[in-house]
Every structure is written in C-alpha cells, then in structure tokens.
C-alpha cells in the first residue's frame, strides 16, 4: 500500500486540513500568507506579520522576535490582541514546518507569549495549534522540543494539562493520523529540494510517532482503542521501512509503548496481530545499529506484555519464524550493537516459552551469541559484554531448561578456552538469582 491511499472515515489529508483551518495550501506560498489584512490591524503589526512569510531565515526569526515583543507591549498596555491572532495562527503552522531549528524555536517562544497575552481569547485557536505543538514537544531537535515542552508546562501545568488531554486528545490523534497517512509531499515547500523535503518528512514523522508513544502513556484506558485503531495499520509498516533510521526506530518504539499500556488491543484482530509480528520481522532484518535499541525495546515489551501472541490462531507460522530470525540476528547483527543487543539476550530467553522454543532454539541462540565473543578484540568491553550475555543465558538454561542444552553449551565454551570466565559469570548469576528469591 502506498502512503496516502488509506483515508480513514471522517479524516482529511494533512493538506486539506491546512486549507480548511488556515485558508492556504502548503507553507511556502508567500502571497497566501500575506493576504489582505483587516483594516483595523495596526500597520506595524501587518509589517511584522509580512516578515514571517519571507523565505530568508534571518527575516523570519527577526519577525518572530518583533511579534513576541508586540504581544508583550500589548499585554503591558492591556490592549486586546484578538485581531492579531488569526494571522499569527496561520503563520504558526507554516513556521513549525521550517527545517531551520532556530525558526522553530523562536516560533514556540512567540506562541508562549501570545497565549499568555491573549488568555481566554486564544481558546478559539487552540485546536489549530495543538497538533503541531504536541508533535514538536517530541521532535528530534532537543532545543525545539525543550522550548515546546516548556511552553506547554508553563501554560498548562499539572492538572490543567491533564484536563487539556482529556478534552482535546482526539485533536492530537486526528492531526497526527492525517499527517502520517498523507503523502510526504503534502508538507513540501514549493522551493524545496529533494533533500529538504526528505529532511522535513523524516523529522515530522519521527516527532509524530514519538508524540503518539508519549500520548499513549497519558490517556485514560477508554481512549486508547481509538488510538490503536487509527495507527496500527500498513502505514505503520511503511514507516518501519523508511530510509531514515530515526523514523524506523520511532515506529518500533511506538509499538513497544502501545504494548505497555494496551497489549490486548494490539491482538484484538488478526490484522493487528499481523502488523505486530511484521514489525518485529522488519526490525530483526534492520542492519543499522542505530535502530537496535528501539528494536529490543519493542521486542521485549511485546513478548512480555503480549504473551498471547504465541497462541493466537493466525500467527503460529509467523511467530515460529521469529525464532530463527532472532538467532540470525545474534549471529550477524548483535556485534554491531553490543550495548543493547547482548544485555537483551537473557530477558529474551526468559520470555520465549519452552514449548514454543522447542529443542533447538536455546542451543542455536547460545552458538549465535558465542559468535559475538569472537567478533571483537580479545579483552575489549564488547567481548566482555558478549561473554557475560552468553554466561547469563547459559546459567538460565541450566536452571530452567533441559540438561542437554547446558552440557552442549558448556562443552563449546571449554573448547574455546573460556571455561573459567563463563563458569565464574554463571556462578555470580546463579548466586544473585538465589538471593533474589530468598
């Protein structure tokens, strides 16, 4: 399925949403943004707003600074800003999509001041900015995200933010759904190069997925099914295959977050179960180590919280296929991400039931992990991490599995001259396990 084909009932594309709310298409059309002003609007304010539509980044930032100062001056003089707000909100949607981080940061500084100045007068415009605001709070640029979050915490602290999400969470979910199910070109500037368009889409998609993951952890249980219904589909698989590692990682983290808060809903239909399994398959095939931390976050959370995945009637063939993929990952990929992959081996083994693992999975996994001990320089921290993972899994197998698995594994370590190191780690693990149960 190509992105943009799926149009959920009652939803609009991102571009059509922009047209209906803000009265223009795209965000790079200067003439649309500097349309006829109301005669009652201060000419100086009109000039400042015009600067926001210019392509020059310095001019944009200067205009935002001047507009912020204008809001402060109106506040000090107790002058109403109602006439400015519609134009400012129109520009806001354009400015938060700018690839330049300094423009986006200045935009949220100005938004904070504008809402503080306007007070209740901003209420009619809140829905228009809330979707992008929530996305920006979790976008990849730390400075922009921190500024957007600070604005949210200042304007909607504590209980007020809880009430905001209770009443307007659907606005955020629908906005992100529109964006992720629309073609990337719906966010393009007319003057964009291909690289600029790709940069914008990767940033926005990453922020959308991270924003949804955060939102899932803060919604009331009865609001979560709608979020799952809107997002767990083939469009999510496309994001997991995106060429940008950050987007792929964010898609995996999102699935992990959902499994933490609403595991049953993920498996409520065969179609959703298929999506979850395919997400795991895609992640295990990803050779980029930058995605592996998110991969293991997703895998372990799903296996821990969605144990029914192994028994679901549609999935046995597919879930059984996960086991050789896991072994193959440790054989070929784990050495590229030792910090996340090897520490995940022990929880992984504990989460795969013996009746599912069969007689081959554990020995094969141990052999694959052992391969990692020879992939790095002797005595390196990476080798030590791989060796520790091997010993921990071996100790777990000795305590929780057939003796044949343990003997085969110990024989292999003796052959490779690592008997003492492995046995010492096994003893430490077993002693710690005993103390834990004591």
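Efficiency by 1/(1 + (r/R0)^6): what FRET value for residue 194 and residue 149, r their Cβ-Cβ distance, R0 = 35 Å, to the nearest 0.05? FRET efficiency, residue 194 to residue 149: 0.65.
Available extension along the chain between residue 168 and residue 218 is 16.7 nm, counting 0.36 nm per residue and deducting the alpha carbon span. Between residue 109 and residue 328, the modelled label-to-label distance comes to 5.1 nm, taking each label 7 Å out from Cα in the direction of the beta carbon.
Taken together, the values in this text are just the output of simple stated rules run on the coordinates, not laboratory data. Just so it is clear, the structure is predicted and the values come from calculations on it, not from any experiment. Glycine also receives a Cβ, built like all others from the backbone with ideal geometry; neighbour counts cover every protein chain displayed.
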